[in-house]
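Any read-out appearing in this document is the output of simple, stated calculations on the displayed coordinates, not a laboratory observation. This one's a predicted model, so the numbers in the text were calculated from it and none came from an experiment. Note that we place each Cβ from the backbone using ideal geometry, even for glycine, and neighbour counts take in every protein chain shown.
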Amino acid sequence: MNNQKFNEFITIAKKLNDLKIIPLLMGSVGLEVLTNRSWDAKDVDIHVPGDSRGWEVPPEQSIHSWSDIVSMMEVMGYRLVDLHEHEFSKDGMSVEFGIMDTLPAFAGIALEDLEIHTKEDVSYYLLNHAQYLRVYEASSKDSYRADKNNHKDLAKIDFLTEVVR
């Protein structure tokens, strides 16, 4: 498992905590932390509070405290490379922000069911196995994601199905 991406997440999460934001670690990096197994993470996916309508809202308005997050990331040496995807890049590291408030409608996961974890006094949320399974099952029905990541998502669904059921 590549801890570099998780370590970078912790660095970013600490700065988010300073902004009074508890982020949710999503994607393959989060799944690697949960399962202690490599899932070939390509980027760091961080979900933060935002508008539950997600893509229906202009990207610069969909994430709460967006201007503070942009400033924070720029101070950390990142540059915004894709506003629509809320993607930042630095030295080959890609960090994308999503909206945790879309989870209930997207995958049936109640925000109050998210579990807070801590590392080095940094607070963050991490999905459990069943919640990850719901996210990847919902993602596999999304045409954009299915075209982009279907083979990886199917392997994750198979693995999580065995763990959960």
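Here are the numbers for this structure:
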item	result
3J(HN,Hα) from dihedral phi, region 37-42, Karplus parametrisation 6.51/-1.76/1.60, rounded to Hz, x for glycine, proline	9, 6, 10, 6, 4, 9
Estimated dipole of the chain in Debye, rounded to 20 [Cβ of Lys and Arg +1, of Asp and Glu -1, Cα centre]	300 debye
Set of lysines with alpha-carbon distance to Lys20 below 30 Å, sequence-local pairs under 8 removed	Lys5, Lys42, Lys90, Lys119
Computed E for Asn3/Ser123 - FRET, C-beta separation, R0 25 angstrom, nearest 0.05	0.85
For the chain, built as a Gaussian network whose Cα springs stay under 10 Å, the top-fluctuating residue of Lys141, Lys42, Lys152	Lys141
For the chain, with +1 on Lys and Arg beta carbons and -1 on Asp and Glu, the positive-most of Tyr78, His64, Thr118 along the dipole	Thr118
For region 79-138, diffusion coefficient by Stokes-Einstein and Kirkwood Rh (Cα), 37 °C, 0.692 mPa s, µm²/s	245 µm²/s
Cα→Cβ-extended label distance, 7 Å offset, between Val57 and Met93, nm	2.7 nm
Overall form of the chain per C-alpha gyration tensor (a/c, 1.5; a/b vs b/c)	rounded
Nonlocal amide H pairs with His64, under 5 Å, H built at 1.01 Å	Gly50, Asp51
Most mobile listed residue (Glu74, Glu87, Glu56) in the chain, GNM with C-alpha springs under 10 Å	Glu56
Helical contribution to [θ] at 222 nm, DSSP H n ≥ 4, -39,500 (n - 2.57), averaged over the chain, rounded to 500	-14500 deg cm²/dmol
